[in-house]
1. For the ranges 190-202, 39-51, 22-34, 84-96, what's the packing order if you count other beta-carbon atoms within 10 Å of each residue, average per peptide, and put the highest first?
2. What is the percent of Cα-Cα separations in segment 155-219 that go past 19 Å?
3. In segment 199-269, which trypsin sites (Lys or Arg not before Pro) fall in coil by DSSP and have 15 or fewer other Cβ atoms within 10 Å?
4. What distance in nm lies between label points placed 7 Å from Cα along the C-beta direction at Ala225 and His184?
5. Amide H of Thr273: which non-local residues (sequence gap of 5 or more, or other chain) have their own amide H closer than 5 Å, using H built in the peptide plane?
6. Per residue of segment 192-204, in order, report the coupling 6.51 cos²θ - 1.76 cosθ + 1.60 (Karplus, θ = phi - 60°) as ³J(HN,Hα) in whole Hz, putting x for Gly and Pro.
7. Using modelled backbone amide H atoms (1.01 Å from N, in-plane), which distant-in-sequence or interchain residues come within less than 5 Å of Tyr147's amide H?
8. Net charge within 14 Å of Thr194 by Cβ-Cβ distance, Lys/Arg positive one each and Asp/Glu negative one each, not counting Thr194 itself?
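Laboratory data are not the source of any read-out in this text; all were calculated from the coordinates shown. Remember, predicted model here, so these are calculated numbers, not experimental data. Quick reminder, even Gly has a Cβ in these numbers, built from the backbone with ideal geometry, and neighbours come from all protein chains shown.
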Amino acid sequence: NNFFDARRGGAAGGGPVQWFHSLPPVTRLWLGSTLIITALANFDVLQWTDLDLTHLTDVLGKASNNTSSSSVLLFGRLEIWRLLTCFLYIGKFGWHSIINLHLMTQISSRYESMGPICTRRIFVPHQNNPQLPQQQQRNNLNNNYPYYSKGETSDYICALLFGVTGILLSQFYLLPYLGDTFHHHYRFFHRHLTFYTLYIWSKHYPQHNVNLFGVVMKAAYLPFAYLVMGYALSNGEVVPMDMIHGMFVGHLYYYLACVVPTVLGRGRVVIWTPGVLIDLCHWLEGRRVGGVNDDDVDGGEPIVVDTDGVIGG
């Protein structure tokens, strides 16, 4: 009954509870958190104005009327939860929110199940390290690619943290300088993160066949198909900047995680999954903490990245 056991899974049939438990762990946590936050706001247990984020300074909150407290005078009332709740509230219950929930669940579940981009750095041991077989030691020492090929839970969480950070920083410190055409005053960023995930999945599995309302296409074209649909559904009046913004940050992540290490070579990286996050996920999944896991030994071959196929690469 380990919630975070990525190898758990189950049959999708049997009802909503069984279906929910059949989802991969990160998708399950993301969907469950979104449903809880959205439901609480819809039933007025929480106010949506306490969940949004109009600027990063909103996390400082508003100073309390009790001015006798020095901490209140210095820091105000911290509202750090806004950094997460602005990604978890999808609006009033309705057809639009159901579509967004379905899209998020399908994309996240497929990406996590097929294997996320791995950003765990390869452990390069000394020649006499008894933890790895001699053949694996020679492969690692001669391998210029810095990551294992098999992504896991910690890699997906790291990618989501990168997306959350990149979306917020670019929203408040980059897009305002590009004019009103690109800068929309969003308060919530659920669709941003959904299309961020969709983009990196489509780049990681570009040849995977998908079916969009009966139209079969390669996964590489799926984000742009959704972009055209979003523009068409608004009668060409509204550019879906939340989609474009998420895809932009997704392209940045893919470029840094997959293209840059290939170009730099010699095991150099720009982003990597922190060791503490890897150990935490392994502990939650009931796996060995620290050192090298058997899954890492089996997945030590580098992935092949087509740098010519990257937009702007």
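1. Working: 190-202: 25.9, 39-51: 13.8, 22-34: 19.6, 84-96: 16.8.
Those peptides, ordered most packed to least, come out 190-202, 22-34, 84-96, 39-51.
2. Details: 968 of 2080 pairs.
The answer is 47 percent, as a whole percent.
3. On the way: sites: Lys203, Lys218, Arg266, Arg268; in loops: Arg266, Arg268.
Answer by residue number: Arg266, Arg268.
4. If labels sit at Ala225 and His184, their model points lie 2.2 nm apart.
5. Long-range HN contacts for Thr273: Thr119, Arg120, Arg121.
6. 4, 5, 4, 7, 4, 5, 4, 5, 5, 5, 5, 6, 6
7. Placed amide hydrogens put Ile122 under 5 Å from Tyr147.
8. Details: positive: Arg110, Arg191; negative: Glu112, Asp242.
Charge balance near Thr194 sits at 0.
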